[in-house]
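Asker: Right, I'll just put the structure down here and ask away after.
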Amino acid sequence: MLKVGGFNVAPQEVESLLKSHPAVADAAAAGARDERLGEVPVAFVVLHPGATATPEELREYCRRNAANFKVPRQIWPVDSLPYLTAANGSKLQRNVVREWVEDRAGS
């Protein structure tokens, strides 16, 4: 659960919002530290093959379809997301996504 300025935001909620965009095949959300709000949502997206969407277009789409505190402050396109395959399906490795956020926030 992300705590954005006193509001609780589930990462899955942000991911579902992004996945509802026609260009987005998959998404992963996490929290990044923020001085004013404590933490803000950020996201990594995988686009459908041949699809194009800039991070700003995706943020604008989120702004039109969700409350401002749920809009990712940063969106980074990636080729794939870290999944762990198990007997009962695949599971997003959220710890790896959080590491990616820390790496990107430092640069």
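Taken together, the values in this text are just the output of simple stated rules run on the coordinates, not laboratory data. Note that the structure is predicted; figures quoted are calculated from it, not measured. When we count neighbours, we look across all protein chains shown, and the Cβ atoms used for this are built from the backbone with ideal geometry, even at glycine.
Asker: Rounded to the nearest angstrom and ordered from largest down, what semi-axes does the equivalent ellipsoid of the chain get from its C-alpha gyration tensor (root of 5λ)?
Answerer: For the chain, the ellipsoid semi-axes come out as 20, 18, 13 Å.
Asker: Within 10 Å of each candidate Cβ there may be at most 12 other Cβ atoms; applying that plus a DSSP loop requirement, which GluC sites (Glu not before Pro) in the chain survive?
Answerer: Passing sites in the chain are E35.
Asker: Follow-up. Let me check I've understood the local charge: for L17, count other residues with C-beta under 15 angstrom from its C-beta, Lys and Arg +1, Asp and Glu -1. What total comes out?
Answerer: +1
Asker: Springs between alpha-carbon atoms under 10 Å, Gaussian network over the chain: tell me which of P72, P82, P49 tops the mean-square fluctuations.
Answerer: Maximum fluctuation in the GNM of the chain, among the listed residues, is at P49.
Asker: Can you tell which of F7, V46, V97 lies farthest toward the positive end of the dipole of the chain, using +1 and -1 charges on the Cβ of basic and acidic side chains (Lys, Arg; Asp, Glu)?
Answerer: Value computed over the given set: F7.
Asker: Shifting gears a bit: How about region 4-72: which chymotrypsin sites (Phe, Trp or Tyr not before Pro) there are in a DSSP loop, with at most 10 other Cβ atoms within 10 Å of their Cβ?
Answerer: Here no loop site has a sparse enough neighbourhood.
Asker: I would also like to ask the following. What's the magnitude of the charge dipole for the chain around its Cα centre, counting Lys and Arg as +1 and Asp and Glu as -1 at the beta-carbon? Answer in Debye, nearest 20.
Answerer: About 280 debye.
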